Each structure stands twice: as C-alpha cells, then as structure tokens.
Amino acid sequence: EAAVTQSPRNKVTVTGGNVTLSCRQTNSHNYMYWYRQDTGHGLRLIHYSYGAGNLQIGDVPDGYKATRTTQEDFFLLLELASPSQTSLYFCASSDEAGDYAEQFFGPGTRLTVL
Amino acid sequence: SQLAEENLWALSVHEGESVTVNCSYKTSITALQWYRQKSGEGPAQLILIRSNEREKRNGRLRATLDTSSQSSSLSITATRCEDTAVYFCAPAYQGGRALIFGTGTTVSVSP
C-alpha cells in the first residue's frame, strides 16, 4: 500500500508569512498532487507533478508555488500567506495520470493564516 | 458550475440500512472514481468504474454509471457505523489533466 506522509500536520502563521508544506511518498509513484479542501468546494487541485523537476499548474494555483525535488518529495510554498489560504491541504500520489489511476492521499495539513 | 457534483450535502441512515449517494458530471468522461474520506483522514478510493461499464461492485459497495444522463451512484448495503464519512465522486474527463472531485456527500450511520 502506498504511503504518503505530510508535515507539519498543523500550522499557524500570520498574514504575509512564509510557509512550506512538505509531502513524501514511498511507493515510487510518478505523479504527485497538492489539493486544498474547503467547505462547499470539495477538493481543488493546486499543482501537480509527474516527476522530479516537473511542475504542472492546477485549477487554483494563485498564491502558491510548488517544487518536486525528488521522486519522493513534493513541496508547496506560500511566500506571502493570506487569510484566504486558510484551509486543509492534502498531498496525493499516483502511479499513472488521472483517468484510471488510484490516488493515494496523505493525512492532510491544516493551515491557519491569521 | 461544478464539473462534478454530489446531489445531496448529507444523508443519515441507521445501521443495517442501505444508502445511495448520487453524482452528476459534465461532458464526456473516460472513467469515474468514488472516494471516501473519514474524519481526520485523507480520501481513499473505493471503486473505479470505466465509461464502458454500467456497474461495478466491491463487497457491500455498488457503483453505477449512466453516461447518457451523465450521472453515477454509489450504494452501500448493510451499513455500519464505520461507513460514516464524506463520499466524493471524481470523474476523469476526456482530455483532462487530472481527476475533478465533487463537493462530497456526508453520510452518517447511527446505531
């Protein structure tokens, strides 16, 4: 079974602060994803990657950067955090691209921007 | 408007009863996945149903797909308290980049 871990699990920062969310997967999956989850919106794709050094823009990318340093590690960066980025963030991985591939999710990071 | 949408925000049933979650989507799809998210956890896949399939089963779970009405359903029989969760459909659109998740239906199963 795929293992996806996220850190930190909870984070509080202030407006304008700099935040990095980390994700690691240990099943050698090619694809990794960052989502945010908000009430009434479900899961929305921020960025995704299909390998080290690759980055693809998702549906809600504004205010977010991401970097895939290795096959295992995918980071989400908020360089000037705003209260609108208060959310529950999930990382996921899959072996193949979307259509038929099961996505394995991490436990989530709850971010609060004051 | 949402590209994928579960039709109800919440459903409540008692243990042993059956429950059905419905989902509607836009345009053509290649497949549709159903995910479950328990409190404090990330979503986990339950069933994948391809566009050329009409029904798929996994234990107490049954998913249907009607491409003519662009809808899908997930039924759970003999529900248990541990089935309490948010259920999402996630259609994969032809030419799309990734899955699109619906807003989710909260299913509550009480003793």
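For region B:1-81, the list of chymotrypsin sites (Phe, Trp or Tyr not before Pro) that fall in a loop by DSSP and count at most 15 other C-beta atoms within 10 angstrom reads B:9. Students often get this wrong: which residues of region A:17-32 have the backbone nitrogen under 20 Å from the point 7 angstrom along Cα-to-C-beta of residue A:56? Within reach of a label on residue A:56: A:23-32.
The charge dipole of chain B, taken about its Cα centre with unit charges on the Cβ of Lys, Arg, Asp and Glu (plus for the first two, minus for the last two), comes to roughly 320 debye. Residue B:15 sits among other residues whose Cβ lies under 11 Å from its own Cβ, and their net charge, with Lys and Arg +1 and Asp and Glu -1, is -2.
For the chain pair A and B, the buried solvent-accessible surface (1.4 Å probe, both sides summed) amounts to about 1800 Å².
Overall shape of chain A was characterised from the C-alpha gyration tensor. The equivalent ellipsoid obtained from it has semi-axes of 22, 14, 13 Å, in decreasing order. Once Rg and the Kirkwood radius are both taken over the C-alpha atoms of region A:61-114, their ratio Rg/Rh works out to 1.01.
In the assembled protein chains, residue B:81 presents an accessible area of approximately 50 Å² (probe radius 1.4 Å). Solvent-accessible area of residue A:104, all protein chains in place: 50 Å² (probe radius 1.4 Å, heavy atoms, ligands and nucleic acids excluded).
Rounded to a whole number, what is D in µm²/s for the protein assembly as shown from Stokes-Einstein with the Kirkwood radius over alpha-carbon pairs (25 °C, 0.890 mPa s)? Estimated via Stokes-Einstein, D reaches 137 µm²/s.
For chain B, the carbon plus sulfur part of the accessible surface works out to 46%, probe radius 1.4 Å.
Quick one: work out Rg over Rh on the C-alpha atoms of chain B, Rh as Kirkwood radius.
In chain B, Rg relative to Rh is 0.96.
Length gained on full extension, residue A:112 to residue A:28, computed as 0.36 nm times the residue gap minus the Cα-Cα distance: 27.2 nm. Within region B:73-103, the residues that become at least 40 Å² less accessible when every protein chain is included than when their own chain is isolated (1.4 Å probe; DNA, RNA and ligands ignored) are B:97, B:98, B:99, B:101. Accessible surface for chain B, divided over its residues, is 47 Å² per residue with a 1.4 Å probe. Solvent-accessible area of region A:4-113 (1.4 angstrom probe, protein heavy atoms only): carbon and sulfur portion equals 49 percent.
The values are calculated or read from the model by the stated rules, or taken from the named source; none is laboratory data. The structure presented is a predicted model; accordingly, all values stated were derived computationally and were not measured. Here the Cβ is made from the backbone with ideal geometry for all residues, glycine too, and neighbour counts use every protein chain on show. Each accessible area value is taken on the protein alone, full model and side chains, heavy atoms only, with ligands, DNA and RNA left out. Shrake-Rupley method; radii C 1.70, N 1.55, O 1.52, S 1.80 Å.
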